[in-house]
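These notes concern the structure reproduced below.
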Amino acid sequence: MTAMSSKTAGADPIELLETAFRSAMGAALGDEYAETDPIIKSSQNPQFGDYQANFAMGLAKRLGRKPRDLAQEVVDALDLSAVAEPAEVAGPGFINIRLKPGALGHLLDAMDQEALGVQPDPDPHSVAIDLCGVNVAKQMHVGHLRSTIIGDAIARIYERRGRKVFRENHLGDWGLPIAMVIDQLRRAETDLDRLTLPDLDRAYRDAQLSARADVRGLARAMEPPVAGPHRRAELEEQNAGAHEAMENAKRTLVKLQQGDPSIREDWEKLIRVTMDAVYESYELLNVRLGPANNRGESFFRDRLPDVIDAFVREGVAVEDEGALVVRFEDRDRPLLIRKSDGGFLYATTDLAAVRFRVHDLGATRVIYVVDARQRDHFRDIFDAAKKIGWDRTADGAAAELVHIPFGSVLGEDKRPLKTRSGENVTLRSLLVQAIERGEKEVISRAEDPAAPTHGAPRSELQRIGQAVGIGAVKYADLSNDLVRDYVFNFDRMIAFEGRTGPYLQYAHARICSIFARAEIDPESLRDRAVLPDEPEEKTLALMLLKYGGVVDDVARSLEPHRLCTYLYELADAYSSFYQKCPVLKADEASVRDSRLRLSDLTRRVLQDGLDLLGIEAPQRM
Ligand code: ARG
């Protein structure tokens, strides 16, 4: 390997140029200018070269100097010998740069390794990702879809960059709602060994209903003109009943928390029923999550007294009418960490979880993929953790606590997605529908005698259909700016054209079939030269070379939609290339081989990028 290729494996030429310019600016103008943006752009007119550096005009104005002189001084200090011809100053102070003839080929050669130009993350510490967080005793609904697939994609991206990742499933498995459901199931004398998910849903709903007192209705009934005696009696009874249901549930919760064996047994059955269904959904969703990732509220239950002790000992929490709160200088809202009756809260558990993740798991980045409605909660948790110093690992590294808030999934009516009868859409029914749609699409395409899937066994078509249906849902979800709500539309997301998962899967499969049709093993071409020459080839090459930088950028920004956009642009660049540049029918063998190598690299980047999004890339479609 040459010195250049080891340093620049798969690097984006723009980045290489930026680095070279920064060091020249530092050398020519003084160290403080080594941070100035050289403003490198692709050249509009190939006659003037491949790139332009446009910093001189603005900087000269600030320094009161002539732009051309300034540009020349930097050019004199510039060493681009690794990738480009000597740069030239032109016009009012532009700097034109032309890549060396073989430069793109060398960069692509260097990228042509398993890593595809993705650089390892230098931080040796782990990352913890809080994702999914379903509430036990309830079916997973679409809200949990987003947390699960966004969290899994981010986890894959960190893993790809060599970080140890802990996927932390902070299950809601230890609160009053569960005690309420246990009570409800006992009241209805449900056989817990035959418990089904719909039973559980019903029990959850009934439990909520019987605990919901119509306090406001009662107050109104007492105001003049006073409601009839019948209505009043009814409301009073409902209130009393609700009160009793709540009191019962609280007692059940205390028993559960104290380890009462029979309540405990019911609790375990409930968890088993819920989680078995959740694991099935994980499987359908192609996310890397399972029982080993469960560290829910119940996991932290024994650590809560310790949390309170620490906050009191360090003087970070204070008493307030019998309760314990943390106050913040910049807001009125205090964070309640222990109720006046001694009970712990959602927040107490989250503080225990922060400490565990940073201290015990050694994470220097803890990423919470939780919907936007919990923004204030996490702001409070993070600030409280900082106040007490739980944002340092055991070896003293600073840990960053980040909430990635995401928006809701809406129906066509722009309201939270509901079924026709007005219920929350369960995740499972949504996935089953997606898979059916995918299968239908794939099966109907296979009817075309020219399709690569024509004549494939039904089971294979179904497998491909599942990948397409799920890929459609995931790409549609991940390709949005996360904080924005988005409208769920099957027809749009499953289309084979446009910014969709299936379009990318199809682009990948199409390249696979080029090789399959010609019966060429891409491995056998590794020693052939890759020589991008036509404009479409160069555009494709530059696009490929961006991949490592995009993955790095997504790990930093936590915005998977940037990877989605990149993959779409790559597929598009390939499509233009394929239209303009014959591959198998190229005039010369060397050109054909070069184009095959470009095709193979594109295929691998598409596959790798889709894998980071948790989307499968079938070989044929
Ligand atoms: N179970 C919670 C809910 O459904 C989500 C948990 C989020 N994670 C956390 N560490 N609080 O609202």
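Every number here is computed from the coordinates shown, using simple stated rules; none is lab data. None of these values were measured; they are calculated from a predicted model. Ideal geometry is used to build each Cβ from the backbone, glycine not excepted, and the neighbour counts take in all protein chains shown.
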Next item on the list: Taking the chain as the reference, fit the longest principal axis to its C-alpha atoms, fit the long axis of helix 13-29 to the helix C-alpha atoms, and give the angle between the two in degrees, 0 to 90, nearest 10.
Entry: 80
Check: Give me the log10 of I(q) over I(0) for the chain at q = 0.05 Å⁻¹, as the Debye formula computes it from C-alpha points; what are the numbers?
Finding: -0.31
Item checked: Of every Cα-Cα pair in the stretch 144-237, the percent that sits beyond 17 Å -> 70
Note to self: To test your reading of the geometry: what angle, between 0 and 90 degrees and rounded to tens, separates the Cα axis of helix 535-545 from the longest principal axis of the chain?
What the structure shows: 50
Checklist line | Amide H within-cut-off set for D130, under 5 Å, with H built and near neighbours excluded | finding: E168, I367, Y368, V369
Check: Per-residue HN-Hα couplings for the stretch 249-266, Karplus 6.51 cos²θ - 1.76 cosθ + 1.60 at θ = phi - 60°, whole Hz, x for Gly and Pro?
Finding: 4, 4, 5, 4, 4, 4, 4, 4, 5, 8, x, 3, x, 6, 5, 4, 5, 4
Next item on the list: Quote to one decimal, in nm, the extra length available between A589 and E244 on full extension: 0.36 nm per residue of separation minus the C-alpha distance between them.
Entry: 115.8 nm
Next item on the list: Any chance you could run the full-extension gain for S42 through K414? It's 0.36 nm times the residue separation minus the Cα-Cα distance, nm to one decimal.
Entry: 129.9 nm
Note to self: For D533, what residues show an amide H to amide H distance below 5 Å, using hydrogens built from the backbone and excluding near sequence neighbours?
What the structure shows: K538
Next item on the list: In nm, give the distance between the simple-model label positions of E234 and D481, each being 7 Å from the Cα along the Cα-to-Cβ direction.
Entry: 4.9
Note to self: Quick check on the stretch 240-313: take the gyration tensor over C-alpha atoms, sort the square-rooted eigenvalues as a ≥ b ≥ c, and tell me if it's rounded (a/c under 1.5), prolate or oblate.
What the structure shows: oblate
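Counting only DSSP beta bridges with both residues in the chain, tell me the antiparallel percent, nearest 5.
Around 55 percent of the beta bridges assigned by DSSP in the chain are antiparallel ones.
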Margin query: How would W390, W267 line up from fewest to most surrounding beta-carbon atoms within 10 angstrom?
Written below: W390, W267
Note to self: 5 Å is the cut-off here: which amide hydrogens, built 1.01 Å from N in the peptide plane, fall below it relative to A399, excluding neighbours closer than 5 in sequence?
What the structure shows: R392, T393
Check: In whole angstrom, how far apart do the alpha carbon centroids of the stretch 122-156 and the stretch 73-105 sit?
Finding: 46
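Once every DSSP H run of n ≥ 4 in the chain is given -39500 (n - 2.57) and the sum is divided by its residues, what mean residue ellipticity at 222 nm do you get, rounded to the nearest 500 deg cm²/dmol? List each step's numbers first, then the result.
Working: 22 runs with 321 residues, N = 621.
It comes out at -17000 deg cm²/dmol, rounded to the nearest 500.
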Notebook entry, point to check: Which whole-number percentage describes the relative contact order of the chain, with Cα contacts under 8 Å and a sequence gap of 6 or more?
Noted result: 15
Next item on the list: With a ≥ b ≥ c taken as the square roots of the eigenvalues of the C-alpha gyration tensor of the stretch 1-103, please select rounded if a/c is under 1.5 and otherwise prolate if a/b is larger than b/c or oblate if it is not?
Entry: oblate
Check: From the phi of every residue in the stretch 234-242, what ³J(HN,Hα) in whole Hz does the Karplus formula 6.51 cos²θ - 1.76 cosθ + 1.60 yield, where θ is phi - 60° and glycine or proline is x?
Finding: 4, 5, 5, 5, 4, 4, 5, x, 4
Next item on the list: Once you have the Cα-Cα distance between R301 and Q433, take 0.36 nm times their residue separation minus that, and quote the gain in nm to one decimal.
Entry: 43.7 nm
Next item on the list: Take A516, project a point 7 Å from its Cα along the Cβ direction, then tell me which residues of the stretch 571-603 have their backbone nitrogen under 18 Å from it.
Entry: 584, 599-603
Note to self: With the cut-off at 1.5 for a/c, could you classify the stretch 499-550 from its C-alpha gyration tensor as rounded, prolate or oblate?
What the structure shows: oblate
Checklist line | Label point distance in nm, E400-R62, each placed 7 Å from Cα along Cα→Cβ | finding: 2.4
Next item on the list: Return a whole-number percent for the relative contact order of the stretch 186-281, with Cα pairs under 8 Å and 6 or more residues apart as the contact set.
Entry: 35
Note to self: Using alpha carbons only, how many angstrom separate the centre of the stretch 285-333 from the centre of the stretch 481-544?
What the structure shows: 46
Item checked: Cα→Cβ-extended label distance, 7 Å offset, between R375 and E329, nm -> 2.3
